[in-house]
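Here the structure comes first, spelled out in structure tokens, and everything after it is commentary.
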Amino acid sequence: MTRKLPPLNALRSFEAAARLGSFKEAAGELNVSQSAVSHQIKLLEEVLGVDLFLRRPRSVELTAAGKSYHPTISQAFDHVAEGTRMLLRSQGDDVLTVQTYSTFAVRWLVPRLETFHRENPTLQVRLITSQWDVDFAQQDVDLAVMIGNSNRENLHYDYLFSPKLFPVCSPALLTGGDKLSAPRDLANHTILQVYPSENDWSLWLERAGVQDVNPNSGLSFDSYDHALKTALRGIGVALAMHPYVSEDFAAGLLINPFPDHEYAAPGDWYLVYPETRLRQRKIKKFRDWLRREIESDPDLRQLRSQAIN
């Protein structure tokens, strides 16, 4: 059956104007005049037989039909862009670009990547660290290891494990006049905050029943790794989660002062990538390897099994 498709240029103008909420901004993005965008959208409305925008003196607004039509067109362009990117990508299947948080990379992933390289010697891994979630439509990233919720459309989420939050400090803070004996004693110590995850301390304090500690009153860092290294020096108390502190615990450099107060973190760890890459060979190789590594880590295996059970 022959497809009945509206003119492509008209669809591009509509998608850009609907996404940006402006004919002028759409014209700038498409590198055409504002009148050209207006003409193309008018053409599309004539082809479809419906009004897609309400024209006001200084603004435009989607009609009900426009709001209904836009997600379909937007997703179609996303698929075209993704397919084109995959076709033209110079690295091909020889390079796998992975994004994750700097702390997870330094404290767990990087020490294990050598085993992945040995199993896949022809596949080069490029590691990107960021405290912010990846935008697959804008960034040249194949997959991400991240904590959060599986709620973004057109992405595939492979569940990894469910972390728990708990304070950690130098063993030196368990002695002396202001020693940590109970969560309320945190009022006498410097709180080491991680501002991209600033809700974590508030959540832990609420669940521990501590009301007189301001989690933003101490030092603030952009990553858990920096906060944990500061805690190692006995400067204050940081929050942690597995697998960030396994080696520090084993070496006796950090300790959990309140082992009875470990609480579920807000979100689970996932391996995330666009649904369109579900069958890519290099994605499957990394996914299978990562699952095996997690299963071989006793701390993470326990966190995974608790969630599954």
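Of the residues making up the range 242-266, just one is within 20 Å of the chain's Cα centre (by Cα) and either open to solvent by 70 Å² or more (accessible area, probe 1.4 Å) or under 13 Å from CYS169 (Cα atoms) (or both), namely PRO266. When the range 235-274 is examined, which residues are found to be touching a residue at least 24 places away in the same chain (Cβ under 8 Å) and among the charged types (D, E, K, R)? Of everything in the range 235-274, those that are touching a residue at least 24 places away in the same chain (Cβ under 8 Å) and among the charged types (D, E, K, R) turn out to be GLU247, ASP248, GLU262, ASP268.
Quick one: is ARG184 surrounded by 14 or more Cβ atoms within 10 Å (Cβ to Cβ), charged (D, E, K, R) and closer than 19 Å to PRO257 by Cα? Here the answer is yes, as ARG184 does meet what is asked. Which of (1) open to solvent by 80 Å² or more (accessible area, probe 1.4 Å); (2) part of a helix (DSSP H, G or I); (3) of a type in the set (Val, Ile, Thr); (4) touching a residue at least 24 places away in the same chain (Cβ under 8 Å) does THR122 not meet, given it meets every other one? Evaluating THR122 over (1) open to solvent by 80 Å² or more (accessible area, probe 1.4 Å); (2) part of a helix (DSSP H, G or I); (3) of a type in the set (Val, Ile, Thr); (4) touching a residue at least 24 places away in the same chain (Cβ under 8 Å) leaves (2) as the failure. Flag set for ALA76, criterion: of a type in the set (A, V, I, L, M, F, W, C), exposed (fewer than 14 other Cβ atoms within 10 Å of the Cβ) and closer than 17 Å to ALA17 by Cα. SER68 meets each of the listed conditions (1) under 20 Å from the mean Cα position of the chain (by Cα); (2) without any contact (Cβ under 8 Å) to a residue 24 or more places away in the chain apart from (1). Residues that are open to solvent by 40 Å² or more (accessible area, probe 1.4 Å), touching a strand residue (DSSP E or B) at 6+ places or on another chain (Cβ under 6 Å) and touching a residue at least 60 places away in the same chain (Cβ under 8 Å) occur at least once in the range 128-148. Taking the range 61-77 as the range and being of a type in the set (A, V, I, L, M) and out of contact with any helix residue (DSSP H, G or I) (no Cβ under 7 Å at 6 or more places or on another chain) as the test, the residues that pass are ALA64, ALA65, ALA76.
If you filter the range 267-294 down to residues that are open to solvent by 80 Å² or more (accessible area, probe 1.4 Å) and at pLDDT 90 or above, you find that the one that is nearest to ASP200 (Cα to Cα) is ARG291. Starting from residues that are under 33 Å from the mean Cα position of the chain (by Cα) and surrounded by fewer than 14 Cβ atoms within 10 Å (Cβ to Cβ), keep the ones in the range 50-65 and report whichever is farthest from GLU25 (Cα to Cα). Looking at residues that are under 33 Å from the mean Cα position of the chain (by Cα) and surrounded by fewer than 14 Cβ atoms within 10 Å (Cβ to Cβ), I get ALA64.
Scanning the range 295-309 for residues that are in a helix (DSSP H, G or I) and open to solvent by 70 Å² or more (accessible area, probe 1.4 Å) gives GLU295, SER296, PRO298, ARG301, GLN302, GLN306, ILE308.
The values are calculated or read from the model by the stated rules, or taken from the named source; none is laboratory data. Note that the structure is predicted; figures quoted are calculated from it, not measured. Quick reminder, even Gly has a Cβ in these numbers, built from the backbone with ideal geometry, and neighbours come from all protein chains shown. Areas reflect the complete protein model, heavy atoms only, side chains present, ligands, DNA and RNA absent. Shrake-Rupley method; radii C 1.70, N 1.55, O 1.52, S 1.80 Å.
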